[in-house]
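Engineer: Okay, here's the structure, questions in a sec.
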């Protein structure tokens, strides 16, 4: 399969790429940063891993940069919307400019990418799959995460309606909802804060990044051909 993945420079994004490449897929990765991990994958899979540097806050140029300059005539089988930035603060400190930038990366650009990915799939007569990476914060409240959680909640609603709208063309849309992981995005949290978060889970531990990548891989596979419009939780049992 030809799979477009956003936010591939680190964390969940790089884990998803490694999993899909190991299965023999061709991965077209985009992120703002050309990280050392990305360079390693390029060297390891020169014929299957392709990278393009693009800042998803530039929503207006998604079509031109990603679908024209990068993908060009590539026929897509799947899209994985993973890229996200966090804007953490309490609501009474809410800043419009910071909120807008986050929504451009977390919501507006993923929506535009979905638009053009579906057009690509229809043009090439593909029964495609779209996966959005959300966050447990959209379902369980955490102090300081209201704005970030709202962006992920918007993406989940968008995915469910995408599934209903395009299911007749056999284009599936699902969401993977990870719990808190030990990644760069959570690096600003203190050990005490992390411990409090992990104690809220059934397993009393961070969500495993590879488990999230494995779930994405399954949802892209034929084994999940009857799964669409769903939110799949991979969160160490956050209840």
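Bear in mind these aren't lab numbers, they're just calculated from the coordinates by the rules spelled out. Quantities reported herein were computed from a predicted structural model and do not represent experimental measurements. Cβ atoms come from the backbone with ideal geometry, glycine included; neighbour counts cover every protein chain shown.
Engineer: In what order do 9, 135, 159 fall by count of nearby beta-carbon atoms within 10 Å, going from fewest to most?
Structural biologist: Ranking 9, 135, 159 by Cβ neighbours within 10 Å, fewest first, gives 9, 159, 135.
Engineer: Any idea what angle helix 146-166 forms with the longest principal axis of the chain, computed on alpha-carbon atoms, 0 to 90 degrees, nearest 10?
Structural biologist: The two axes meet at around 30 degrees.
Engineer: Moving to a separate point now. Given the DSSP H assignment, sum -39500 (n - 2.57) over each helix run of at least 4 residues in the chain and divide by its residue total; what's the result at 222 nm in deg cm²/dmol, nearest 500?
Structural biologist: Theoretical 222 nm ellipticity from helices: -11000 deg cm²/dmol.
Engineer: Ok, one more. What fraction of the DSSP beta bridges in the chain is antiparallel, stated in percent and rounded to the nearest 5?
Structural biologist: Antiparallel: roughly 5 percent of the beta bridges in the chain.
Engineer: Cα axis of helix 109-123 to longest principal axis of the chain: angle in degrees, 0 to 90, nearest 10?
Structural biologist: Its long axis makes an angle of about 30 degrees.
Engineer: Taking the chain as the reference, fit the longest principal axis to its C-alpha atoms, fit the long axis of helix 209-220 to the helix C-alpha atoms, and give the angle between the two in degrees, 0 to 90, nearest 10.
Structural biologist: With both axes taken from Cα atoms, the answer is about 40 degrees.
Engineer: Round to a whole angstrom and tell me the spacing of the C-alpha centers of the stretch 1-40 and the stretch 198-234.
Structural biologist: 18 Å
Engineer: For 32, 119, what ranking results if the residue with the fewest other Cβ atoms within 10 Å of its Cβ goes first?
Structural biologist: Ordered by Cβ neighbours within 10 Å, fewest first: 119, 32.
Engineer: Next up: Cα centroid distance between the stretch 89-134 and the stretch 58-73, in Å?
Structural biologist: Each part's Cα centre sits 14 Å from the other's.
Engineer: State, as an integer percentage, the relative contact order of the stretch 2-234 based on alpha-carbon contacts under 8 Å between residues 6 or more apart.
Structural biologist: 20 percent
Engineer: Which three lengths, in whole Å and largest first, does the stretch 2-234 cover when its Cα atoms are put on their principal axes?
Structural biologist: Sorted from largest, the Cα extents of the stretch 2-234 read 49, 36, 34 Å.
Engineer: Next question. Taking the beta-carbon count within 10 Å as an exposure proxy, list 113, 1 from fewest neighbours to most.
Structural biologist: 1, 113
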